[in-house]
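Data block below; observations after.
The values are calculated or read from the model by the stated rules, or taken from the named source; none is laboratory data. Everything numeric in this text was worked out from a predicted model, so none of it was measured. For neighbour counting, all protein chains shown are included, and Cβ atoms are generated from backbone atoms with ideal geometry for every residue, glycine included. These accessible areas exclude ligands, DNA and RNA; they are computed on the full protein's heavy atoms, side chains included. Shrake-Rupley method; radii C 1.70, N 1.55, O 1.52, S 1.80 Å.
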Amino acid sequence: MDELVSLCKRRGFVFPASDIYGGINGFWDYGPLGVALKNNIRDSWWRNTVECPPIGPDGEPVSIVGLDSAIIQNPKVWKASGHVDGFSDPMVDCTETKKRYRQDHLELLVPKSGEGLMYAFPENQPDLIAAKLKQARVDHSLFETVTLPEIPVSSYDRVVAPDSKNAGTLTPPRAFNLMFETYIGAIRHEDHKAYLRPETAQGIFLNYKNVLDTMRVKIPFGIAQIGKSFRNEVAPKNFIFRSREFEQMELEWFCPPDEAQTWYQFWKEQRMLWWLSLGINANNLIFRDHDADELAHYSNACVDIEYRYPFTFPGFGELEGIAHRGNYDLTAHQNHSRTKMEYFDQAAQLAAKEAGLDKEDIARKSRYIPHVIEPAGGLTRALLTILCEAFTPDETRPSKVVMKFKPNLAPITAAIFPLINKDGLPEIARGIYQKLRQKYTLQYDAKQSIGKRYARMDEAGTPYCFTIDGDTPQDHSVTVRDRDTAEQHRIAIDRVDEFLAEKMLS
Ligand code: GAP
């Protein structure tokens, strides 16, 4: 991970935000290569979700439209959605070290005898646990591990917090809301308080009726949105994995209540297929079903697609959540805004009548608040995943590392190099560059030795380099170097366009 973070900074993928002022925890800037890669991932999602959506169970493409809603909405939205009251983490403070922890992120060693001190540690840190016990001269086997929420607050006086010397320094848990607050207009008063959105999803629910009334969509259909979200995360960590400002790619799929389970399975499969289409190794991706006690306040069922990050290895960490939200959100907005969210399903009514159902069943099937299946992925987290997946150490190369992005995601598709800066070679190279720059993201580079130029492109993850050399003026061909194998072969100048077009599709 350290090597990846350093490459990201060195090569302009990701910089710490406010770097010259010492940074700001949980915020990142995306450099020239990073934003290009992020945009390519974003465009792939949009293309596969909105412009060319998957084929549904009836053999026709499913119907999905796009949206770009405001980041700041009426604060009543977040009251209705449950975020004002429920979107919080339980936090405990250590009065000795002044450190703050998420209650459920602290593990606890509890003496099996029930007597004596208990030792708290940040989760998944077995080394720390062993060191601390050694220091306290206590036998590990006499303890069992639980999490802090499993013991009553009245026992906190026996808990030694991480890095503290004394027991009893942890405060009882307090809810810490994750939404960033701001004030609208000149007056900083409670009445003017607003929130930066913690998810893009609510903007979609707010526009569900607008879309239904203006577009020719019928249930089932989806609304997709990509945009920034903000969470005042208590512990931003692991580079851009958990940050305070990040981007999400969310789809809200509105469907009849009876079909929700079928669509949940459909989207589960489709989302995995999309991640695989980005070139991620199938062994590095898994589904993980949420346990009932993990479900968010709005969710009936949820499965995460997880990726094997270097910092979770050999385990996995969340990449995308696919939630069955039921009709929680639309019902909440209907109740709070007094706007009817009910849908009249003419086709369902006809089908129910034809099936000979009784009046009550016909009404139930034809008038309902749609249920929602929500595939919600992180765009900045997707960028991290693609960076981790592409990172390939190779001691035999001058760059020592190659970023193996799929050609259609790579920030630079191809580089055009004149071998030397004379004998008419730069003119030929520029000719190729000028001809193809409208179609592909190309980089023309005539500086430094060819080896150094290849090394730079290996680090940038550029899949192909075309070199114009002394033979080119005679045989009208160039050398193409493959990033992944470092092998070179010659192709005719006239074939460069066709060659790249083919590779971009693969
Ligand atoms: N609307 C549902 C929702 O927001 P979530 O699981 O909280 O669900 C969806 O977020 C995705 O957004 C996550 O799977 C993750 O990829 C990304 N995400 C959430 N919090 C993040 C953070 N603090 N930093 C980066 N990405 C985050």
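A compact table of results
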read-out	value
Whole-number accessible area per residue in Å² for segment 461-506, which is evaluated in the context of all protein chains at 1.4 Å	49 Å²
Length added when fully stretched, GLU181-ASP213, from 0.36 nm per residue minus Cα-Cα	8.3 nm
Trypsin sites (Lys or Arg not before Pro) within segment 277-355: DSSP coil, no more than 12 neighbouring Cβ in 10 Å	ARG338, LYS340
Members of LYS38/LYS439; LYS404/LYS447; LYS268/LYS340; LYS9/LYS38; LYS38/LYS400; LYS79/LYS193 lying beyond 21 Å, as alpha-carbon distances in this model show	LYS404/LYS447; LYS268/LYS340; LYS38/LYS400
Cα-based convex hull, segment 47-143, per residue volume (Å³, whole number)	277 Å³
Accessible area of ASP482 in the full protein assembly, 1.4 Å probe (Å², nearest 10)	50 Å²
Alpha-carbon centroids, segment 111-134 and segment 279-357: separation in whole Å	37 Å
Cα-based shape type of segment 92-245, given that a ≥ b ≥ c are square roots of the gyration tensor eigenvalues and the cut on a/c is 1.5	prolate
Distance-filtered residues of segment 485-506 - backbone nitrogen under 12 Å, label point 7 angstrom along HIS476 Cα→Cβ	492-495
Loop sites in segment 145-210: trypsin sites (Lys or Arg not before Pro), DSSP, at most 15 other Cβ within 10 Å	LYS165, ARG188
Label-point separation in nm, GLU342 to ARG10, each point 7 Å along Cα→Cβ	6.5 nm
Per-pair calculated FRET efficiency, R0 = 35 Å: GLU269 and LEU505 via Cβ, rounded to 0.05	0.90
Order by protection proxy (mean Cβ within 10 Å, highest first), peptides 85-91, 329-335	329-335, 85-91
Column: log10 I(q)/I(0), Debye, Cα scatterers of segment 398-505, q = 0.11, 0.14, 0.17, 0.25 Å⁻¹	-0.29, -0.48, -0.72, -1.59
Spherically averaged projected area in nm², based on the convex hull that wraps the Cα atoms of the chain	32.2 nm²
Segment 17-59 versus segment 384-401: alpha-carbon centroid distance in Å	20 Å
Portion, in percent, of the accessible area of the chain that falls on carbon or sulfur, probe 1.4 Å	50 percent
Added length on full extension, which subtracts the Cα-Cα distance from 0.36 nm per residue, ARG174 to LYS237	20.5 nm
DSSP bridge orientation in the chain - percent antiparallel, rounded to nearest 5	85 percent
Beta bridges per DSSP with both ends in segment 89-176, % antiparallel, nearest 5	90 percent
Rounded to the nearest 10 Å², the accessible area of SER337 at probe 1.4 Å	60 Å²
